Amino acid sequence: MKPMFEKILPRPDCSWRFWLYETDEVEFEWHHHPEYEIALILNSKGHRYVGDSVEAYDGADMALIGPDLPHSWCSQPVHSGGSVQTYVAQLPAPWLHSMMSQAPELEGLRALMQESERGILFSRSVTQKAARIFAALATASPLERFIGLLQILTLQAGDKNARTLASAGYTFTAQRDSYCERIDRVVGYIYENYCQPLRADELADLANMSTNHFHRFFKQRTEQTFTELVNQLRIGKACSLLINSDQPISAISDLCGFNNLSNFNRRFRYLKNMTPSQFRARLRQTKL
């Protein structure tokens with residue numbers, strides 16, 4: 001089966017992408033992307049697929065996947081209550097390589113990243129320690145998340161019982177197809193016009209798809225809806241304006257493309273856990 005290309009879109013306030021999925025099960029989605037990925041699966045039982053490696057897992061499972069290494073997990077449905085928790089950290093390779101080349105403190109990560117080309121499975125003890133850090137990242141600030149990421153990478157680099165997954169002879173050559181070009185074209189258009197009104201049918205035309213097909217395509221390729229991406233970009237711009245200007249909140253709402261102030265406040269609270277006025281007041285207090 002040919003792995004699907006996934007487009008990774010970090011939030012505007014982060015250089016890398018962190019996500020927590022809570023689901024009844026993990027469905028098989030054979031895919032690849034040019035980013036490094038740390039995946040931690042909790043409360044789950046099933047199979048892990050990395051390159052040509054297929055192994056059963058039960059309980060906490062954490063792996064580091066190198067760029068463009070096809071991978072997926074597939075679990076059984078949870079019947080005992082609760083949900084499967086999947087923590088994902090996706091790190092752009094150029095960003096990580098640049099940091100390692102400029103900061104000698106990160107030199108110890110180089111061997112880890114090289115080994116991740118075959119996928120690395122970590123010991124139960126390191127996985128449990130990393131799980132506690134991942135849990136804290138769910139409500140952390142961007143800076144706190146970055147510090148937590150370094151802590152997790154440090155744990156992984158020091159794991160003497162870690163092992164590689166794909167065989168030494170396994171190779172996969174990532175090839176771009178028309179779908180990669182379409183998602184790049186659509187995402188580029190969104191980034192250039194997110195403060196303007198955007199309609200799904202217009203983006204579907206840009207991708208040469210029906211509107212229904214476009215919604216499914218965008219969600220499958222980016223793991224979020226186009227509305228979620230637009231709102232993230234707009235709120236990111238709003239935060240910048242709240243920090244760097246004294247413009248009224250109603251004016252910032254208009255500049256960022258929201259159709260009314262109540263919608264802006266609702267979206268801002270959903271993504272930032274506070275209102276725009278609370279965000280600005282907190283910043284002013286820290287400057288005193």
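Computed from the coordinates by the stated procedures, all read-outs in this text should not be read as laboratory data. Predicted, not measured: the structure shown is a model, and the values here were computed from it. Here Cβ is always computed from backbone atoms with ideal geometry, including for glycine, and neighbour counts include all displayed protein chains.
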With Cα coordinates, the longest principal axis of the chain makes an angle with the long axis of helix 93-102, in degrees rounded to 10, of 80
Projected onto the charge dipole of the stretch 178-287 (unit charges on the beta-carbon of Lys, Arg, Asp and Glu, signs +1, +1, -1, -1), the Cα from ASN259, ASN193, SER240 with the largest positive-side position is that of SER240
Computed, not fitted: 222 nm per-residue ellipticity of the chain from DSSP H runs ≥ 4 (each -39500 (n - 2.57)), nearest 500, equal to -14000 deg cm²/dmol
Once Lys and Arg are counted +1 and Asp and Glu -1 for all other residues with Cβ under 11 Å from that of LEU96, the total becomes 0
Per the rule of 0.36 nm per residue minus the C-alpha distance, extending GLN76 to GLU25 adds in nm 17.8 nm
For GLU228 and SER240, extending 7 Å from Cα along the Cα-Cβ vector and measuring point to point gives, in nm, a value of 2.3
About its Cα centre, the stretch 178-287 carries a charge dipole, from +1 on Lys and Arg Cβ atoms and -1 on Asp and Glu Cβ atoms, whose size in debye to the nearest 20 is 640
Here the net charge surrounding TYR170, from other residues whose Cβ is less than 11 Å away from its Cβ (Lys, Arg +1; Asp, Glu -1), is -1
Listed residues SER141, SER245, SER53; largest mean-square fluctuation, Gaussian network over the chain with Cα springs below 10 Å, found at SER245
Filtered pair list for the chain (Lys only, Cα < 19 Å, 8 or more apart or interchain) has a length of 4
Note on the stretch 4-164: contact order normalised by length, alpha-carbon pairs under 8 Å, 6 or more apart, percent, works out to 25
In the stretch 62-139, the chymotrypsin sites (Phe, Trp or Tyr not before Pro) that sit in a DSSP loop and have at most 14 other Cβ atoms within 10 Å of their own Cβ are none
At the level of C-alpha centres, the distance separating the stretch 40-84 and the stretch 223-281, in angstrom, is 36
The residues ARG234, ARG284, sorted from fewest to most surrounding Cβ atoms within 10 Å, come out as ARG284, ARG234
For GLU107 and LEU206, extending 7 Å from Cα along the Cα-Cβ vector and measuring point to point gives, in nm, a value of 4.5
If each K or R counts +1 and each D or E counts -1, the residues other than ARG48 whose Cβ falls under 9 Å of its Cβ total -2
Per the rule of 0.36 nm per residue minus the C-alpha distance, extending ASN161 to ASN193 adds in nm 6.7 nm
antiparallel share of DSSP beta bridges within the chain, to nearest 5, in %, is 95
Tilt, helix 276-287 to longest principal axis of the chain (alpha-carbon atoms), in degrees rounded to tens, equals 80
Taking Cα atoms, the helix 261-272 axis meets the longest principal axis of the chain at an angle in degrees (rounded to 10) of 30
Rounded to one decimal in nm, the spacing of the 7 Å Cα→Cβ label points at HIS213 and ASN273 is 4.2
